[in-house]
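This is the structure I have questions about; it appears just below.
The values are calculated or read from the model by the stated rules, or taken from the named source; none is laboratory data. What you see is a predicted model, and the numbers here were worked out from it, not measured in a lab. Using ideal geometry, Cβ is built from the backbone for each residue, glycine included, and neighbour counts are taken over all protein chains shown.
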Amino acid sequence: MNPTTNLIKCSQLTLGYGNKNVVNNFNYEINAGDYLCIIGRNGCGKTTFLRGLAGILRPKAGKIEFCDNLKRNQIGYLPQITVTQKDFPASVEEIVLSAFQGKSLLLPFYGKALRKRADECLELTNATNLRKESFRELSGGQKQRVLLARALCAAERLLLLDEPVTGLDPESSQNMYSIIKNLHEQKNMTIVMVSHDVDAARNNSTRILDFNNPTSPTNKKVMPDFSLPRTCSGVPASPYTLKQISV
């Protein structure tokens, strides 16, 4: 996989809700093979941007262009888990197979190929032994691994993750990070992850997109060389980010 091949191009992109713009006139490129971490304080547009990439939120202006023959059905999306999702009364296998709704013409029956893919995704997230368990009875870390497996069912080339370790204990968080890093390094999966964990972003990602900018929300900052808290143009990273990484 050529890491310089554009997978997504954002051109003068504006995203928001109602009359409120959250992301304004934003230009950015995501490359095949990236492990991109998006960091920033609450409300700065991280999740909004991810929802735009996932196709849940339509651009108010500008465009999101898929490149290198990327298709919408090749993108997996793991949103932040809700209270309703945590208590969903279904088996792990049913949760994962539900990713194929719309792909099976004989719902609720799934063919061998879809079941095989679901089993593969459970194996990739170390959740094979949970297949017959009740989802609502699982621990927080187990639930996230199952939901990650569900997202993987659709993620042939790109995986979008919105704060996948929120609410998890340190051990479960590290397990999730290890799984995600393995997907990137061993399965050539392009990863875009929203996170508040700057240390994990520096340790695991190949690029960091800093959505903090106290002067202009339209000028998002990029820190490809995260050994130094600077942008690609040499401009210092935001004060918030500097504080988070204790520089």
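Testing residue 147 on (1) surrounded by 17 or more Cβ atoms within 10 Å (Cβ to Cβ); (2) touching a Lys or Arg at 6+ places or on another chain (Cβ under 6 Å), one condition comes back false. Which one is that?
(2)
What number of residues in the stretch 181-197 are touching a residue at least 60 places away in the same chain (Cβ under 8 Å), over 18 Å from residue 49 (Cα atoms) and in contact with a helix residue (DSSP H, G or I) (Cβ under 9 Å, 6 or more places away or on another chain)?
The number of residues fulfilling the criteria is 3.
With respect to residue 157, determine if the residue is at pLDDT 90 or above and touching a Ser or Thr at 6+ places or on another chain (Cβ under 8 Å). Talk me through it step by step, then tell me what you get.
Working: at pLDDT 90 or above: yes; touching a Ser or Thr at 6+ places or on another chain (Cβ under 8 Å): yes.
So residue 157 passes the test.
Mind listing whichever residues of the stretch 28-57 are more than 16 Å from the chain's Cα centre (by Cα) and free of Cβ contacts under 8 Å to residues at least 24 places away in the same chain?
Scanning the stretch 28-57 gives 42, 43.
Something else: Any idea which of (1) out of contact with any strand residue (DSSP E or B) (no Cβ under 8 Å at 6 or more places or on another chain); (2) at pLDDT 95 or above is the one residue 97 doesn't satisfy?
Only one criterion in (1) out of contact with any strand residue (DSSP E or B) (no Cβ under 8 Å at 6 or more places or on another chain); (2) at pLDDT 95 or above is unmet by residue 97, namely (2).
Something else: For residue 151, are the conditions met, namely being in contact with a Leu (Cβ under 6 Å, 6 or more places away or on another chain), assigned to a helix (DSSP H, G or I) and either small (Gly, Ala, Ser) or at pLDDT below 90 (or both)?
So residue 151 passes the test.
Restricting to the stretch 135-148, give me the number of residues that are in a helix (DSSP H, G or I) and either modelled with pLDDT of 95 or more or closer than 19 Å to residue 174 by Cβ (or both).
9
Kindly provide the set of residues from the stretch 119-134 that are in a loop (DSSP other than H, G, I, E, B) and either at negative phi or more than 19 Å from the chain's Cα centre (by Cα) (or both), ordered by number.
If the condition is that a residue be in a loop (DSSP other than H, G, I, E, B) and either at negative phi or more than 19 Å from the chain's Cα centre (by Cα) (or both), then 125, 127, 131, 132, 133 are the ones that fit.
Tell me which of these residue 113 doesn't satisfy, since it passes every other one: (1) exposed (fewer than 15 other Cβ atoms within 10 Å of the Cβ); (2) at pLDDT 95 or above.
Residue 113 satisfies every listed condition except (2).
Looking at the stretch 15-55, which of its residues are aromatic (Phe, Trp, Tyr), in a strand (DSSP E or B) and crowded, with 19+ Cβ neighbours inside 10 Å?
Result: 26, 35.
I need a count of the residues in the stretch 181-203 that are part of a helix (DSSP H, G or I) and out of contact with any strand residue (DSSP E or B) (no Cβ under 9 Å at 6 or more places or on another chain).
Summing the residues that are part of a helix (DSSP H, G or I) and out of contact with any strand residue (DSSP E or B) (no Cβ under 9 Å at 6 or more places or on another chain) in the stretch 181-203 gives 4.
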